[in-house]
Amino acid sequence: MAENRIPPEDGTGGATISRREFLARAGYLAGGVMIAGGLAACSSGQGTSPTPSGGGSVGAPKRGGNFRLGVTGGGSSDIIDGQTIVTKPDQARLVAGFETLLVYDENYKLTNDGLAEAVTQDAPDKWTILLKKGIEFQNGKTISSDDVIYSLQRILSAKEGLFGAAGLASIDPNNITKVDATTVQLNLKQADSTIGDQLGQYYNGMVPTGYSRKGQQIGTGPYKVQSFTPGQQSVHVRNPNYWRSGQPYFDQVTIIDFPDPSAQVNALLSGQLDAITDIPFAQINVATAHGGLAILESQGAGWLPLCMAIDAEPFTDVRVREAFRLMANRPQIVEQVLSGHGRVANDLYSPFDPCYATDFPQREQDIPQAMSLLKAAGKEGLTVDLHTTPGAAGMVDEAKVFAEQCKAAGVTVNVKVDQNYYGDQYLKLPFSVDFWGTRNYLPQVANGSLPTAPYNECHWPPKDSNYLSLYKQALAEVDPDKRCSIIHEMQQLEYNEGGYIIPFFNNLVDSYSSKVQGFNPSKATLNLDSFGHGYRTIWFA
Amino acid sequence: MATERSGSPSTADPAFVTAGPRSAAPGRVGRRGGILGFIVRRLLLGLLVLFLVSIVVFAATQALPGDPARAILGRTATPASLAALREQLHLNEPVVQQYFTWITGLLHGDLGTSLAAQVPVTTLLAGRLLNTAFLVLCAGLISIPLSIAIGSYAALRRDRAFDVGTSVGTLLFAALPEFVVGVTLVVLFATTVLHVLPAISLIPPGTKPWTQPKEMILPTLTLVLAVTPYVSRIMRASMIEVLESDYVEMARLKGLPERIVIRRHALPNALGPTFQVIAINLAYLAGGVIVVEYIFNYAGIGGALRDAVSTRDLPVVQALAMLIATLYVVLNLLADIATILVTPRLRTRL
């Protein structure tokens with residue numbers, strides 16, 4: 001059971017091992033062009049955007065109190081490091097002490113609300129970081145260019161094995177120049193417009209020169225680490241020097257590991273905790289009936305694709321792939337796998353990307369059409385094996401629900417659950433289930449949809465496709481609108497001929513005591529409104 | 001449950017006809033050295049058991065077919081990390097040598113380094129061991145006297161209200177898994193009905209469990225309810241048997257006061273079999289406490305074992321398996337000694 005290890009972007013709840021992110025370092029292709037000319041981004045193409053309920057934010061923030069948070073998972077492999085995580089509680093601890101140059105807002109749009117005044121792309125392969133002035137680390141030292149250079153070099157160091165290395169791989173660690181005390185110039189090995197995007201990932205925190213995981217935990221964040229016992233709990237105390245005026249509000253934050261979600265809910269019900277991550281769906285009613293507790297449901301962008309390998313029988317025929325996509329009853333899968341806590345997807349990924357295509361018709365279950373496609377392909381009454389594993393929550397359930405739905409079309413899907421799935425057969429199977437976290441489109445393509453991608457389950461793209469050349473064009477394109485139209489073409493190809501069946505994107509469902517104010521639902525990678533933005537935008541009423 | 005024991009004192013003896021101390025009289029084969037000789041024989045037998053257990057533990061964890069290093073690292077394996085882990089686990093050596101490296105370290109108190117936490121196993125487990133030991137101790141101190149009292153009194157009041165009541169009660173609790181008992185207690189006292197006790201038992205790292213009495217109540221109560229039914233039922237059965245025996249009848253016929261009959265003659269004889277059940281239950285507590293620690297998020301060895309299994313942290317799994325095995329052996333030994341001391345028939349036969 002490795003459920004307590006999760007990839008940093010994963011939002012699928014009881015998620016699983018970080019196999020992908022570790023290997024990604026070796027085989028990562030330079031991200032993609034996403035943010036050009038600083039923070040200019042395409043207008044949001046989202047169908048729905050979360051509306052802050054306002055229920056959390058009444059009255060002026062007040063100081064004081066010990067905020068006690070229960071986080072699902074964790075164990076003796078827990079770490080605190082400003083630039084990487086192993087378990088989910090590590091995420092909760094990282095954001096208390098460390099901050100990034102740029103930050104994503106509640107609509108998953110990149111903003112310069114972080115440590116940087118500005119991050120600009122001066123040329124396709126040249127970026128400049130301008131720090132805000134006078135921000136101090138928790139030990140009183142003012143953050144400077146040297147710290148930024150040290151932080152980036154540490155992320156890129158192969159020896160450290162940190163998550164951010166893959167996404168920032170186009171930065172040349174030996175060619176980062178200090179312009180002055182607050183200005184740093186990045187000279188890239190190749191053109192890459194996704195650097196700004198990567199600098200906003202929560203795990204690319206800024207650390208002081210000389211920082212190491214075993215040394216003192218010093219960041220610029222709102223809380224200093226006071227004590228930490230892996231697998232049990234950590235205590236963080238208010239940073240009196242914090243640079244955002246008035247924040248943070250709590251005197252102390254206590255983060256407690258919970259291997260068992262039921263104990264977590266019980267502790268919240270009995271008032272021993274003020275908030276918990278990932279409340280089990282079955283317990284949501286218990287919490288709402290209790291009074292004094294609230295549910296925070298945020299849009300996540302985690303997805304569990306059913307992957308058809310386009311070069312393996314019977315999926316070499318695009319009509320068979322189309323038929324399988326038409327056999328899926330997506331609303332039913334959302335209902336049965338996520339108890340309704342998700343959104344129906346349309347076989348495309350990266351829903352938070354500004355270029356996410358929303359103009360393709362929503363695929364719905366169409367059994368007669370699926371049967372006629374199979375008949376045309378000469379594949380009536382097909383029998384296939386669907387391989388899955390209890391990795392991320394829902395991977396087995398999704399396979400079983402889909403198999404049931406296929407019966408209507410006379411297709412027999414045998415679900416094969418294999419504990420060693422990721423060890424032996426992964427990426428070699430004709431039909432399998434996998435999991436992915438939140439990424440924007442081009443970085444995701446680099447990870448899963450290119451011949452060079454380390455986790456290309458579907459063996460996409462077809463040999464005669466122009467997908468790869470489109471990808472290269474998109475990487476080189478610095479105009480956001482033009483880039484979006486290239487990405488749209490790429491999505492069209494995947495929508496028409498791709499190997500993924502993507503039934504849904506998950507939601508993040510957390511619970512908290514209503515005496516905590518300031519939580520708002522957001523489009524996020526991390527639970528609980530990105531842990532109350534590092535426990536600084538929430539307070540006790 | 002008494003039948004699960006590895007052997008009663010009398011059946012264990014013949015195994016040590018040759019291995020036992022040589023000081024005893026030659027005519028009394030297998031019964032040498034009095035109580036001391038008996039303890040020495042049992043200790044040696046215990047060591048043999050532990051030696052066999054260590055082979056099983058080692059075989060089941062490290063010496064399994066396949067590459068444990070690859071199993072541990074899974075998809076995150078790189079040639080460098082595989083080589084480093086093989087080195088750390090001594091996987092490049094022959095299996096027999098690996099075993100001796102491990103067992104030698106164990107005998108020197110070196111339990112190795114946790115693969116997940118990268119700290120010595122002893123450091124990792126020390127605090128948790130104390131927490132579990134204190135929880136088991138609390139449960140034992142309450143449940144043992146309680147169950148002896150309930151069992152004895154029920155035997156004396158056989159078929160009357162108290163006996164019938166406790167029989168039904170103990171049967172009920174014996175049938176309920178700790179999981180159900182624990183969750184019910186949480187619902188009753190912490191979350192739904194009353195809000196008087198904490199639902200989970202957080203012992204902040206660095207503090208001692210006895211400084212948090214309120215946190216100890218529900219886990220202790222759950223364990224007491226799990227153990228008391230077995231022990232009191234055995235005590236009752238054993239007491240009834242003794243009360244019907246010839247020597248008790250003789251004592252009564254001689255006109256001894258009932259108080260003396262029970263305290264001097266019945267109780268000590270009835271305790272013998274009960275000790276065995278107590279030992280098994282205490283040993284069970286140390287291992288079965290995992291469920292209770294899980295329910296209450298109590299930081300003990302149960303949680304450490306669960307965590308170590310999930311992260312394939314072999315040194316921690318091996319250390320805990322050996323620890324629990326040792327506890328079984330020691331508790332069995334203590335139970336045998338206690339049985340002999342309270343049973344004149346056995347004592348004089350040594």
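What follows is calculated from the coordinates using simple rules that are stated; it is not laboratory data. Model, not experiment: these values are computed from the prediction. Glycine also receives a Cβ, built like all others from the backbone with ideal geometry; neighbour counts cover every protein chain displayed.
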Within a 10 angstrom radius of the beta carbon, how do A:M308, B:M250 rank from fewest other beta carbons to most? B:M250, A:M308
With a 10 Å radius around each residue's Cβ, average the other Cβ atoms per peptide and rank A:116-123, A:263-270, highest first. A:263-270, A:116-123
Relative to 2.2 N^0.38 Å, what does the C-alpha radius of gyration of region B:114-156 come to as a ratio? Two decimals please. 1.95
Roughly how many nanometres apart are two label points built 7 Å out from the Cα toward the Cβ at B:V187 and B:A59? 4.4 nm
Rounded to the nearest 5, what % of the DSSP beta bridges within chain A are antiparallel ones? 75 percent
Quick check: the distance between the Cα centres of region A:474-524 and region A:352-370, to the nearest angstrom? 14 Å
Mean projected area in nm² (Cα convex hull; one quarter of hull surface) for region B:270-350: 6.4 nm²
Which semi-axis lengths, in whole Å and largest first, follow from the square roots of five times the eigenvalues of the Cα gyration tensor of region A:123-209? 20, 15, 11
Please compute the average number of Cβ atoms from other chains found within 10 Å of each residue's Cβ in peptide A:73-79. 6
Taking the beta-carbon count within 10 Å as an exposure proxy, list B:V95, A:V478 from fewest neighbours to most. B:V95, A:V478
Packing-wise, with mean Cβ within 10 Å as the measure, how do A:138-147, A:234-243 rank, highest first? A:234-243, A:138-147
Here FRET efficiency (C-beta to C-beta, A:T209 to A:A408, R₀ 51 Å, nearest 0.05) is 0.20
quick shape note, region B:181-235: Cα extents on principal axes in Å, largest first -> 39, 29, 13
Compute the projected area of the convex hull of the Cα atoms of region A:205-274, averaged over all viewing directions, and report it in nm² to one decimal place. 6.1 nm²
Size of the dipole of the protein assembly as shown about the Cα centre, Lys and Arg at +1 and Asp and Glu at -1 on the beta carbon, nothing else charged, in debye to 20? 3940 debye
What percentages, rounded to whole numbers, describe P(r) for region A:366-418 computed over all alpha carbon pairs with 10 Å bin width beginning at zero? 26, 44, 24, 5
Where only C-alpha atoms are counted, convex hull volume of chain A per residue in Å³: 132 Å³
Please give the net charge around A:T316, taking every other residue with its beta carbon less than 15 angstrom from that of A:T316, where Lys and Arg add +1 and Asp and Glu add -1. -2
Quick check on packing: order A:63-70, A:202-209, A:461-468 by the mean number of other C-beta atoms within 10 Å, highest mean leading. A:202-209, A:63-70, A:461-468
What is the log10 of I(q)/I(0) for region B:118-257, computed with the Debye formula using one identical point scatterer on each Cα and no solvent, at q = 0.18, 0.20 Å⁻¹? -1.04, -1.17
Compactness check, region A:169-236: C-alpha Rg relative to the 2.2 N^0.38 Å globular estimate gives 1.45
Residue-averaged 222 nm ellipticity for chain A, from DSSP H runs of 4+ at -39500 (n - 2.57), nearest 500: -7500 deg cm²/dmol
Nonlocal amide H pairs with A:Q226, under 5 Å, H built at 1.01 Å: A:V235, A:H236, A:V237
Around A:S511, which amide H atoms from residues at least 5 apart in sequence, or from another chain, sit under 5 Å from its own amide H, with H modelled in the peptide plane? A:I276, A:D278, A:I279, A:L296
Can you sort A:T220, A:T194 from fewest to most other Cβ atoms within 10 Å of each residue's own Cβ? A:T194, A:T220
One can check that the equivalent ellipsoid of region A:222-263, built from the alpha-carbon gyration tensor with semi-axes equal to the square roots of five times its eigenvalues, has lengths in Å, largest first, of 25, 11, 6
Spatial extent of region A:128-279: Rg and Dmax, with the Cα atoms as the point set, Å: 18.3, 55
Let me test this: with uniform point scatterers at the alpha carbons of region A:113-162, what is the Debye-based log₁₀ I(q)/I(0) at q = 0.25 1/Å? -1.04
The computed P(r) of region A:374-525 puts the percent of Cα pairs beyond 19 Å at 65 percent
Inter-chain shielding of A:272-284 (mean C-beta neighbours from other protein chains, 10 Å cut-off): 1
